[in-house]
Amino acid sequence: TVNQGTDRVDFIVIPNAPTNNSSTPTYSNPDVATMTSVTGIENASPLDFTSNGDQWFIDQFYSPGDHWNFSYVPAGGSITETWHVVGADGKAKANTAVTLETGFVAIGGSAQWSATGITQNGYVAGTTDPSGNVSFTLTNTNSSVTTAPGDLTNGWTALDLENGGQNPWTRMVLVIGSPVADTSGNGLVGSTTDTISANGSAISMVNQATDLADFIVVPAVVTPPVTPTYANPDVATLTSVTGIQNASPLDETSNGDQWFIDQYYSPGDHWNLSYVPAGGSITETWHVVGANGKADANAAVTLETGFAGNDASHWTATGIDANGYVAGTTDPSGNVSFTLTNSDVNVATAPGDLTNPATALGLEGSNPWTRMVLVLGTPVADTSGNGLVGSTTDTISANAASISMVNQATDLVDFIVTPGATTQPTNSATYANPDVATMTSVTGIDNASPLDFTSNGDQWFIDQFYSPGDHWNFSYVPQGGSITETWHVQKSDGTPDANATVTLLAGFAGNDVSHWSAPGLSNGQLTGTTDPSGNVSFTLTNADSGVTTTPGDLTNGWTALGLEGSNPWTRMALVIGTPVADNSGNGLVGSTTDKITGSASAISMVNQATDLPDFIVVPS
């Protein structure tokens with residue numbers, strides 16, 4: 001006799017969780033306007049005082065979803081507020097009229113604001129973008145404010161400054177729609193569709209939440225000058241360079257410290273190596289910070305293109321002088337850019353490895369090259385006998401005996417000239433090491449970001465026919481809406497594929513291309529060219545109408561997959577190059593150099609990875 005035991009498993013059926021798809025705002029399910037960021041204020045971020053507001057007035061007259069915060073703005077300063085607006089259905093309210101009230105219901109204070117289009121009531125009209133965001137820039141017009149907060153992080157201090165009357169201040173809110181006068185007798189405040197405040201008996205009529213943002217004016221900041229020193233220098237940093245062949249400059253600072261930086265330069269200097277093709281153009285962007293730790297705005301600077309005796313004849317640029325100097329001025333954020341073109345020809349030696357600093361350093365003996373630095377001010381000749389190099393105010397290098405006089409740090413940027421792009425090797429991408437096209441962002445969709453369904457794609461089709469580097473995702477787009485996709489293209493050697501022809505397949509794998517329109521769209525294909533950083537963007541408008549099925553959950557990939565049977569949808573892909581017809585018999589799809597899919601027997605011929613984004617059309 002065999003005794004066999006089994007586990008008992010009970011299945012209890014419960015109702016599906018209710019899904020609220022209503023777009024009509026109510027007190028319990030309101031429209032919501034949230035201030036997501038504000039720049040130009042003195043405190044690091046607004047001080048949240050909501051819990052006190054709930055006790056004192058929010059719970060009596062406002063939506064329970066409201067927030068109350070304090071921000072300090074210097075007299076005469078400018079601020080930029082960005083708000084995000086979401087409807088009662090949980091979706092971003094795109095292309096919606098809104099109004100910023102800069103002096104909400106005349107509550108306290110006398111802070112004054114100017115802005116483009118501001119009315120006598122202090123209203124500023126705006127329209128949300130396709131993602132439900134809207135920004136407003138305002139300038140404070142008060143002066144002679146004397147009381148400064150002792151502590152920027154204490155809400156009670158801020159409240160005291162409002163109540164004491166010595167500081168001008170205003171409360172701002174964002175109303176969805178155009179504000180209307182209250183004729184109800186209920187003290188309603190809002191627009192024709194959305195109410196943000198009411199008296200106690202009518203609070204149930206409130207159907208919009210909004211942040212209640214108080215701006216308190218404090219004295220304008222006067223930053224005393226700080227004299228740069230060896231220990232606390234001015235600093236010029238190369239933040240980006242485009243047009244080079246390696247993905248980013250190769251950092252050789254640690255060797256530089258041993259060889260020359262620690263003896264003659266600021267310890268904050270960096271040394272790096274970049275490859276530029278003969279005859280190619282580069283754009284350098286620098287960021288300049290003063291010894292006071294603040295961006296050095298509107299400052300005169302000079303790029304030395306042939307620093308320390310290097311031959312400056314390798315470069316041409318607008319305004320370059322006989323010394324190879326290019327003058328510039330930083331912007332209000334302390335940034336400045338220079339575009340230069342290399343003038344060398346017939347350079348024969350190409351690096352075998354773009355990632356090895358030792359290789360680059362070795363080529364400085366055989367290939368043309370220059371070292372560049374950025375000097376704050378106008379360079380001057382050294383008459384001190386100390387070998388000082390720099391400007392009248394800033395010294396970047398000196399002999400060992402006077403190194404303590406160095407008071408500016410700067411990147412030391414070497415550019416090594418290599419053969420021009422026409423002599424570079426042809427595409428060497430393989431299945432194991434492919435070229436890669438990645439969709440880095442998409443705007444205009446209903447879900448916050450594309451839903452990643454790659455793991456399922458790997459099981460079903462990617463591992464059989466595509467590159468293992470492919471990704472598959474779902475996005476919802478409202479019928480008639482516009483989307484902008486940005487892609488980044490990278491070569492198999494890890495460098496950006498700059499100035500490359502690419503083609504977006506707007507109806508990939510047999511999908512109906514009639515769903516989309518765009519300038520230049522032909523046969524469902526849209527051609528573009530990557531920028532010097534390997535990026536390219538495409539804007540397309542959906543052409544569907546009469547779509548009625550709405551997803552109950554914007555975050556569930558299985559829901560999205562189910563809608564691909566009932567709702568219009570397309571799959572897109574980006575091909576590097578111009579797509580060609582397959583004559584191989586292997587079902588290969590791609591260009592003359594890059595294959596993105598093949599038959600199971602020819603999968604090893606696939607040498608490009610691409611994202612496979614599905615766009616599902618939903619009601620607008």
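The values are calculated or read from the model by the stated rules, or taken from the named source; none is laboratory data. These numbers come from a predicted model, not from an experiment. All Cβ positions, even for glycine, are placed from backbone atoms using ideal geometry, and neighbour counts span all protein chains on display. For the accessible areas, the whole protein counts, side chains as well, though only heavy atoms, and no ligand, DNA or RNA atoms are used. Shrake-Rupley method; radii C 1.70, N 1.55, O 1.52, S 1.80 Å.
How many Å³ per residue does the convex hull of the Cα positions in the chain occupy? Write down the numbers at each step before the final one.
On the way: hull volume 168.0 nm³, N = 620.
Output value, Cα hull per residue: 271 Å³.
Estimated at the nearest 10 Å², the accessible area of Ile603 is 30 Å² with a 1.4 Å probe. With coordinates expressed along the principal axes, the C-alpha atoms belonging to region 428-482 extend over 39, 25, 17 Å, beginning with the largest.
Listed highest first by mean packing, meaning other Cβ atoms within 10 Å per residue, what order do 240-253, 40-53 come in?
Values: 240-253: 18.8, 40-53: 16.2.
With the highest mean Cβ count within 10 Å placed first, the list reads 240-253, 40-53.
A protection proxy built from the mean count of other Cβ atoms within 10 Å ranks the segments 540-551, 177-188, 463-474, most packed first, as 463-474, 540-551, 177-188.
When all protein chains stay in place and ligands, DNA and RNA are ignored, the 1.4 Å accessible-area order of Trp369, Trp169, largest first, is Trp369, Trp169. Here the extension length gained between Ala350 and Asn186 equals 51.2 nm, from 0.36 nm per residue of separation less the Cα-Cα distance. Annotation: per residue accessible area for region 75-162 equals 46 Å², rounded to a whole number [probe 1.4 Å, protein chains only].
The slack between Gln60 and Ser455, meaning 0.36 nm per residue of separation minus the straight C-alpha distance, is 137.2 nm. Reported to the nearest whole Å, the Cα centre-to-centre distance from region 538-566 to region 245-268 is 53.
Site pair Ala148 and Ala448 shows an inter-label distance of 3.9 nm when each label is modelled 7 Å from Cα along Cα→Cβ.
Taking a point 7 Å from the Cα of Thr157 along the Cα-to-Cβ direction, the residues of region 70-91 with backbone N closer than 14 Å to it are 70-73.
Within the accessible area of region 35-111, what % is carbon and sulfur when the probe is 1.4 Å and the other protein chains stay in place?
Values: 1500 of 2950 Å².
Solvent-exposed carbon and sulfur of region 35-111 make up 51 percent of the total.
For His67, the solvent-accessible surface with a 1.4 Å probe is about 80 Å², rounded to the nearest 10.
Here Thr316 and Thr501 are evaluated by their C-beta separation; at R0 = 22 Å the FRET efficiency comes out at 0.20.
Once the Cα gyration tensor of region 109-238 is diagonalised, what are the square roots of 5 times its eigenvalues, in whole Å and ordered largest first, as equivalent ellipsoid semi-axes?
Numbers: eigenvalues 284, 85, 43 Å².
Gyration-tensor ellipsoid for region 109-238: 38, 21, 15 Å.
Each listed q (0.11, 0.12, 0.14, 0.23 Å⁻¹) maps to a log10 I(q)/I(0) for region 278-375, found by the Debye formula over equal Cα scatterers with no solvent: -0.40, -0.47, -0.62, -1.18. For the set Asp151, Asp493, Asp31, Asp446, solvent exposure ranked by accessible area (probe 1.4 Å, protein chains only) runs largest to smallest as Asp493, Asp151, Asp446, Asp31.
Where a ≥ b ≥ c are the square roots of the eigenvalues of the C-alpha gyration tensor, would you call region 53-117 rounded, which needs a/c under 1.5, or, failing that, prolate if a/b is larger than b/c, or oblate? Cα axes put region 53-117 in the oblate bin. Work out the P(r) tail for region 516-556: percent of alpha carbon pairs separated by more than 13 Å, whole number. When every Cα pair of region 516-556 is considered, 69 percent fall beyond 13 Å.
Stretch Ser514-Thr141 to full length: gain in nm at 0.36 nm per residue minus the Cα-Cα span? Mind dumping the intermediate values first?
Numbers: separation 373, 0.36 × 373 = 134.28 nm, distance 5.29 nm.
The Ser514-Thr141 span can extend by a further 129.0 nm.
Spin-label pair Leu561-Thr341: with each label point 7 Å from Cα along the Cα-Cβ axis, the two points sit 5.4 nm from one another.
Shape descriptor for region 379-507: Rg over Rh equals 1.26 (Cα atoms; Rh from the Kirkwood inverse mean 1/r). The modelled label-to-label distance for the pair Thr39/Ala297, using points 7 Å beyond Cα in the direction of Cβ, is 1.1 nm.
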